[in-house]
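Structure record follows, encoded as structure tokens.
The values are calculated or read from the model by the stated rules, or taken from the named source; none is laboratory data. Quick caveat: nothing in here was measured; it's all calculated off a predicted structure. We place every Cβ from the backbone using ideal geometry, glycine too, and count neighbours over all the protein chains shown. All accessible areas refer to the heavy atoms of the entire protein, side chains included, with ligands and DNA or RNA removed. Shrake-Rupley method; radii C 1.70, N 1.55, O 1.52, S 1.80 Å.
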Amino acid sequence: MAKVKEELEEAQFWKKERNGIRDFVSARQDFIPKGKMDFSRTRENRDNKLFTLNFGRAVALNVEKIEKSNLFHFYPNSDSLFAGLPGCNFKSPFCSDFELSHKVLHDNPLDAKYQYHTPEQVVATAEKKGCKSITFNYTEPMVWFEFAFKTARYAHRGNVKTTLVTNGYTTEEPIKKLGKFLDAVVVKVFGSGNTSLYKKYMSADSAAPIYDTLKQLHKQKIFIEITNLIVPQVGDNLDECRSLASWISHELGAETPLHLIQFQKGELDIPSTPIATLERFAEECRRDGLRYVYIHSAPPHQDESTFCHNCRELVVERKNSAVKKSKIIDNRCPKCGFRLNFVS
């Protein structure tokens, strides 16, 4: 691949204010004085113009099965080119998927090792490797909105789908613009949206902007799946999980897949989520109307697989998010013919 000169990219979704500018790509809506950076430390006010500093700086570019992003119902078992650039709009011990330290991702994201790629090069790589889609993942794609947008727009000129894995902490206009070229999205919720958890661990006032993001994505008819990390002690309230499930069912539809994720004990003095807790939460979510509720845990749980909502036939068997066997025929159950919420 020919080496391309790095270019400084002007950011989108900002406006001038007295003594600085305000950035609207994050729900935090940072005010940035001249010469300063935003919360994510990837966008800088230079002479009262906002520039994105991470454009094209790919810290990861890997071919993976699409299920690795917890997207189970969109082109199952297909290859996707996962792309990640540095930066996150949360400072949290829960939301760093890429194997870099929090210090690099959050405090000094531009120190991360990278290889520069243009959007056209990323799409060409996906096509060359036979990938059905490109997945913006690993970090928080909305802090590298400009690169994601240009890549998605270019991909749609061909036959490459685009998917996004995001914490949803953004505003309406970026979603409306990017959504024109998105095919599917995974939105990550933490602790069922518990306000105290978001304030303490995410440096965010609440999870409210995430619900607005989900409604906008649904309005644009983008395929949606949702993950919910159940965190013991600080984010394992059953009533809050039920409220989330009920909201999903009424606002997005009962067929929207919900993934309950086990918290794994790490640096924090918090134990791993008991599997019994995940099972109880899953049962209540189904009672609140959701048809596809998955459990992700160690060891792997049987509820990683898909069962027909109508007759309970096992239609897709998975282990560690990998498809082992699929019996779906034309997105229908092979036993009763019930139409399943899959895109393929």
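Alpha carbon centre of region 255-326 versus region 151-178: separation in Å?
Taking the Cα centre of each part, region 255-326 and region 151-178 sit 27 Å apart.
Give, in nm to one decimal, the length gained when the segment between Gln115 and Lys65 is fully stretched (0.36 nm per residue of separation minus the Cα-Cα distance).
Stretched out fully, the Gln115 to Lys65 stretch lengthens by 15.8 nm.
Carbon-plus-sulfur fraction of the accessible area of the chain, 1.4 Å probe, in percent?
Ligands and nucleic acids excluded, carbon and sulfur reach 44 percent.
In square angstrom, rounded to the nearest 10, how much accessible surface does Asp236 have for a 1.4 Å probe?
60 Å²
Run the simple label-point estimate for Glu279 and Ser246 please: 7 Å along Cα→C-beta, distance reported in nm.
It works out to 2.6 nm between the two label points.
Give a residue-ordered list of calculated ³J(HN,Hα) values for region 159-169 (Karplus: 6.51 cos²θ - 1.76 cosθ + 1.60, θ = phi - 60°; whole Hz; x for Gly, Pro).
Values, residue by residue: 10, 9, 6, 10, 10, 10, 10, 9, 7, x, 8 Hz.
Can you tell me, using C-alpha contacts under 8 Å and at least 6 residues apart, the relative contact order of the chain as a whole percent?
12 percent
Work out the FRET efficiency for Lys219 and Ala298 from their Cβ-Cβ distance, taking R0 = 25 Å, and round it to the nearest 0.05.
That pair, Lys219 with Ala298, gives E of 0.10.
Can you quote the Å³ per residue value for the convex hull of the Cα atoms in the chain, rounded to an integer?
Values: hull volume 44.6 nm³, N = 344.
So the per-residue hull volume is 130 Å³.
Under a point-charge model restricted to the Cβ atoms of Lys and Arg (+1) and Asp and Glu (-1), what is the dipole moment magnitude of region 120-240 relative to its Cα centre, in debye to the nearest 20?
For this selection, approximately 600 debye.
Select from Ile224, His301, Ile210 the residue farthest towards the positive end of the dipole of the chain; place +1 on Cβ of Lys and Arg, -1 on Cβ of Asp and Glu, and compute about the Cα centre.
After comparing all options, I get Ile224.
Just subtract the alpha-carbon distance of Lys34 and Lys176 from 0.36 nm times their residue separation and send over the number in nm, one decimal. Don't skip to the end; give the middle numbers.
Values: separation 142, 0.36 × 142 = 51.12 nm, distance 2.82 nm.
Extending this stretch completely gives an extra 48.3 nm.
For Lys319, Lys65, Lys327, give the ranking by accessible area with the largest first, probe 1.4 Å.
Most to least solvent-accessible, the answer reads Lys319, Lys65, Lys327.
Hey, what do the phi angles of region 143-153 turn into as Karplus ³J(HN,Hα) couplings, whole Hz, using 6.51/-1.76/1.60 and θ = phi - 60°, x for Gly and Pro?
My calculation for region 143-153 gives 7, 10, 3, 4, 6, 4, 5, 5, 5, 4, 5 Hz in order.
Can you tell me which lysines have their Cα less than 23 Å from the Cα of Lys132? Leave out same-chain residues fewer than eight positions away.
Result set, ordered by chain and number: Lys65, Lys68, Lys150, Lys161, Lys177, Lys180, Lys188, Lys221, Lys319, Lys324, Lys325, Lys327.
Note down the accessible area of Val160, probe 1.4 Å, to the nearest 10 Å².
10 Å²
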